[in-house]
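A quick write-up on the structure given underneath.
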Amino acid sequence: MTALPTTALPTAALDLAVDGVSVDLAGVRLVHDVTLTAAAGQVVGLIGPNGSGKSTLLRCVYRALRPAAGAVLLGGDELHALAPREAARRVAALPQEHSAEFDFTVAEVVGMGRLPHRRGALAGPSAGDADRCAEALRRVGAAHLAARGFLSLSGGEKQRVLIARALVQEPRVLVLDEPTNHLDIAHQLEVLALVREAGPTVLTALHDLNLAAGHCDLLYVVADGRIVASGPPAEVLEPGLLAEVFRVRATPVRHPVTGALQLLLDRLP
Amino acid sequence: MAPRHTRARACRPVPCAARGKARPPVSSTATAPATAAAPPGPRRTPAVPLAAALALALLVSLVCAVAVGSSGLGWSQVLRLLRAGLTGGRLEADEAAAYAIVWEIRLPRAVLAAVVGAGLAATGVAVQAMVRNALADPFVLGISSGASVGANAVLMLGAFASLGVWALSASAFAAALLAMVLVYLTARTAHGLTPLRLVLTGTAMSYGFSALTALMVFAAARGEAARSAMMWLLGSLGGATWGSVPIAAVTVLAGLAYLACAAGRLDALAMGDETAASLGVDPDRLRRELFVVTAAVTGTVVAVSGAIGFVGLMVPHLVRMLVGAGHRRVLLVAPLAGALLLVWVDIVSRTLLAPAELPVGVVTAALGVPCFLLLMRRRGYSFGGGR
């Protein structure tokens, strides 16, 4: 486990730096003085039990919430000081929200990702937008869904379409809140490989510790709104910490074929 | 919510050929699931041709509205009088009365019907996106019931008599704005306006205002006054004059212009506040703007025509069934559809039992409800996840 950086961050060199962020909701502090960083192209995982503050922290990074203290920095610029559209050109998100009330088509939902790139309030989709959207849908394996109504999709199909929407935003930083929710196992692996290939810096909350072990360059462990550990997965995912934070017994093993770190999990004795 | 598999099965299978073009073959990548032969999406009518057709129909309907009536004017005479008014042509001496009927009574009334219909339909679209609720209409925020209090204060109690013919409109408008401010201040929290609080506050306040109106009618109504109160509550375009058209037209056009500029942001807001935020749209700010625009347009419309229901609730759904949910298309078509509907509603309301006039609300329901139900059954339309 590495020590947390507590001195001034060399933020300009980093794509994303969360610097001493605290978040209050309805007068209750849910996130306490969190500092984390992600270098360009890194996939950074956020793990922690339910209610630990992962989503709340992520909502700050895609501007759905404003921190009560601290700052979110993008390549040295303060996120909450940017114009909303400018911020949305740099950070895209897959929120956990599922409140689609209107029967948009899949193509329309993906097209919304181009909204921050539109010039002028009256401007419609530009010529290149349709191609970008079709390409993004193809990459998430959902090209055949383009004409379907979004509300008629299964949970996993919706999730992939929303990832396509985040991709057409062409962000530097991609924030994913449980991207593997509702996905079957093939699509879980597919999506995580895909966001890594896609190029942006990724900050993702994950429940599945084995997915986190296999797909993240760096993990931050959140408990009660605080970062309690951080570092490469092999260092962070050790039985003592997992017992303390997740209340599980973890037995690290090597995958017999790939040699990757795997955790066998069961209840604490 | 229905289990997903039943919903998927409930999708109406539309033959590919019926959609005009063959579906491209689906490439079988590693990720293409077994549902490659997915049912095609909802049928859509192209919005621009539809809007053009509606605009043409609206023009023709305005002429019809001027020609149809109890005074027995012929079509050719009406057309000649309209042309004379537009180009300054000459009139026969005995045509002065007919000219007055066409230009001073029927035309302002038809134009006002179009303006009111367009305004109600567009604000209906805006409010439904603003509160993300299928049952919302421009009146859900307490506007119409507030305006009713103002209007009935004039009708029943003779308030604001010093304003003369403007008393009713001015009082209704002032009361509508007051009601909106009350709802806004009550619904507001530290986190901005949340959809559910807005709807609940508006609904609760509406009950309060309606009770006030009922109390006034109960306490003060004599025969004719109760009748005009009823007329006002169900909406009427009978009071239309050129005096009331410009202010309503300017407000509605300004509202439409704002909404056209906000169409993309409305799409994002319709997907949820967090999604909107991640797409660069500040949901609280947009909701505040929409609140003000809706208040101004609805307040003005209610002040000149009473509380005309149904248009603001149903026309947005009707239009979404035809062109889909994207707000650029919906906001292009909905005002024209609303205008067309109300022009015809007004024609029916004043001719069906002539010389008596039916309240507009009765006719909107009679024309709109069957049409709406028919369309809903024919098209696979979903709103709020249900089918």
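The values are calculated or read from the model by the stated rules, or taken from the named source; none is laboratory data. All of these numbers come straight from a predicted model, not from anything done at the bench. Please note: Cβ atoms are built from the backbone with ideal geometry, for glycine as well, and neighbour counts cover all protein chains shown.
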> Which residues, counting only those in segment A:71-94, are charged (D, E, K, R) and under 18 Å from the mean Cα position of the chain (by Cα)?
Replying inline: A:Arg89, A:Arg90
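One residue is enough: does segment A:90-107 have a residue meeting the conditions part of a helix (DSSP H, G or I) and either among the polar types (S, T, N, Q) or within 24 Å of B:Val323 (Cα to Cα) (or both)?
Within segment A:90-107, the first condition is being part of a helix (DSSP H, G or I), and the residues that meet it are A:90, A:106-107.
Now drop any that are not either among the polar types (S, T, N, Q) or within 24 Å of B:Val323 (Cα to Cα) (or both), which leaves A:106-107.
Within segment A:90-107, one or more residues are part of a helix (DSSP H, G or I) and either among the polar types (S, T, N, Q) or within 24 Å of B:Val323 (Cα to Cα) (or both).
Give me the helices (runs of 4 or more DSSP H) completely within segment A:209-269, filtered to those with at least 1 residues that are among the acidic types (Asp, Glu), ordered by residue number. Explain how you work it out, then say what you get.
Values: elements: A:209-215, A:233-236, A:239-246.
Hits in segment A:209-269: A:233-236, A:239-246.
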>> Being within 11 Å of another protein chain (Cβ to nearest Cβ) and more than 25 Å from B:Thr194 (Cβ to Cβ) is the filter here; which residues of segment B:280-322 pass it?
In response: B:Met321
> Could you count how many residues in segment A:179-196 are within 13 Å of another protein chain (Cβ to nearest Cβ) and among the charged types (D, E, K, R)?
Replying inline: 2
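I'd like to know if segment A:242-255 contains one or more residues that are under 23 Å from the mean Cα position of the chain (by Cα) and touching a residue at least 60 places away in the same chain (Cβ under 8 Å).
In the first step, residues of segment A:242-255 are kept if they are under 23 Å from the mean Cα position of the chain (by Cα); the result is A:242, A:245-246.
Still in the list and also touching a residue at least 60 places away in the same chain (Cβ under 8 Å): A:245-246.
Yes, there is a match, as at least one residue in segment A:242-255 is under 23 Å from the mean Cα position of the chain (by Cα) and touching a residue at least 60 places away in the same chain (Cβ under 8 Å).
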> Do you know which residues across segment B:302-337 are β-branched (Val, Ile, Thr), closer than 21 Å to B:Leu59 by Cα and under 11 Å from the mean Cα position of the chain (by Cα)?
Replying inline: B:Val311, B:Val315
> Restricting attention to segment A:116-139, which residues are aliphatic (A, V, I, L, M) and buried (at least 23 other Cβ atoms within 10 Å of the Cβ)?
Replying inline: A:Ala136, A:Leu137
>> Let me confirm something: among B:Val343, B:Val330, B:Val369, which residue is within 14 Å of another protein chain (Cβ to nearest Cβ), of a type in the set (A, V, I, L, M) and farther than 22 Å from B:Arg227 by Cβ?
In response: B:Val330
> So which of B:Thr194, B:Thr203, B:Thr189 ends up being touching an Asp or Glu at 6+ places or on another chain (Cβ under 9 Å), of a type in the set (Val, Ile, Thr) and at pLDDT 75 or above?
Replying inline: B:Thr194
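On the basis of being facing another protein chain (nearest Cβ under 9 Å) and modelled with pLDDT under 90, does A:Leu162 make the cut? Let's see the steps before the verdict.
On the way: facing another protein chain (nearest Cβ under 9 Å): yes; modelled with pLDDT under 90: no.
In short, no.
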> Listed residues B:Asp346, B:Asp282; which is out of contact with any strand residue (DSSP E or B) (no Cβ under 6 Å at 6 or more places or on another chain), acidic (Asp, Glu) and crowded, with 21+ Cβ neighbours inside 10 Å?
Replying inline: B:Asp346
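Residue by residue, here is whether (1) at pLDDT below 95; (2) touching a strand residue (DSSP E or B) at 6+ places or on another chain (Cβ under 7 Å); (3) part of a loop (DSSP other than H, G, I, E, B) holds:
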| residue | (1), (2), (3) |
| --- | --- |
| A:Ala40 | yes, yes, yes |
| A:Leu46 | no, yes, no |
| A:Gly51 | yes, no, yes |
| A:Ser55 | yes, yes, no |
| A:Ala64 | yes, no, yes |
| A:Ala71 | yes, yes, no |
| A:His80 | yes, yes, no |
| A:Glu86 | yes, no, no |
>> Just the residues that are surrounded by fewer than 24 Cβ atoms within 10 Å (Cβ to Cβ) and hydrophobic (A, V, I, L, M, F, W, C), please, taken from segment B:315-330.
In response: B:Leu318, B:Met321, B:Leu322, B:Val323
> If you go through segment B:324-334, how many residues are in a helix (DSSP H, G or I) and out of contact with any Leu (no Cβ under 6 Å at 6 or more places or on another chain)?
Replying inline: 5
> Considering segment A:196-247 alone, what residues qualify as being surrounded by fewer than 20 Cβ atoms within 10 Å (Cβ to Cβ) and β-branched (Val, Ile, Thr)?
Replying inline: A:Val228, A:Val245
> Yes or no: B:Ala257 surrounded by fewer than 24 Cβ atoms within 10 Å (Cβ to Cβ), hydrophobic (A, V, I, L, M, F, W, C), within 12 Å of chain A (Cβ to nearest Cβ) and farther than 30 Å from B:Val217 by Cα?
Replying inline: yes
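Assess whether B:Gly243 counts as being modelled with pLDDT of 80 or more, under 29 Å from B:Ala110 (Cβ atoms) and crowded, with 22+ Cβ neighbours inside 10 Å.
On the way: modelled with pLDDT of 80 or more: yes; under 29 Å from B:Ala110 (Cβ atoms): yes; crowded, with 22+ Cβ neighbours inside 10 Å: no.
The answer is no for B:Gly243.
Can we say A:Ser154 is modelled with pLDDT under 90, more than 8 Å from every other protein chain (Cβ to nearest Cβ) and farther than 21 Å from A:Gly199 by Cα?
Working: modelled with pLDDT under 90: yes; more than 8 Å from every other protein chain (Cβ to nearest Cβ): no; farther than 21 Å from A:Gly199 by Cα: yes.
Criteria not met by A:Ser154.
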> Out of the residues in segment A:74-106 that are more than 8 Å from every other protein chain (Cβ to nearest Cβ) and surrounded by 21 or more Cβ atoms within 10 Å (Cβ to Cβ), which is nearest to B:Arg320 (Cα to Cα)?
Replying inline: A:Leu94
>> For the list (1) surrounded by fewer than 24 Cβ atoms within 10 Å (Cβ to Cβ); (2) out of contact with any strand residue (DSSP E or B) (no Cβ under 9 Å at 6 or more places or on another chain), I need the number of the one condition that B:Arg132 fails.
In response: (2)
>> Restricting to segment A:107-143, give me the number of residues that are aliphatic (A, V, I, L, M), more than 7 Å from chain B (Cβ to nearest Cβ) and in contact (Cβ under 8 Å) with a residue 40 or more places away in the chain.
In response: 4
> In segment B:270-285, how many residues are touching a residue at least 60 places away in the same chain (Cβ under 8 Å) and not in a loop (DSSP other than H, G, I, E, B)?
Replying inline: 3
> In segment A:139-155, how many are out of contact with any helix residue (DSSP H, G or I) (no Cβ under 6 Å at 6 or more places or on another chain), farther than 28 Å from A:Arg90 by Cβ and not hydrophobic (A, V, I, L, M, F, W, C)?
Replying inline: 3
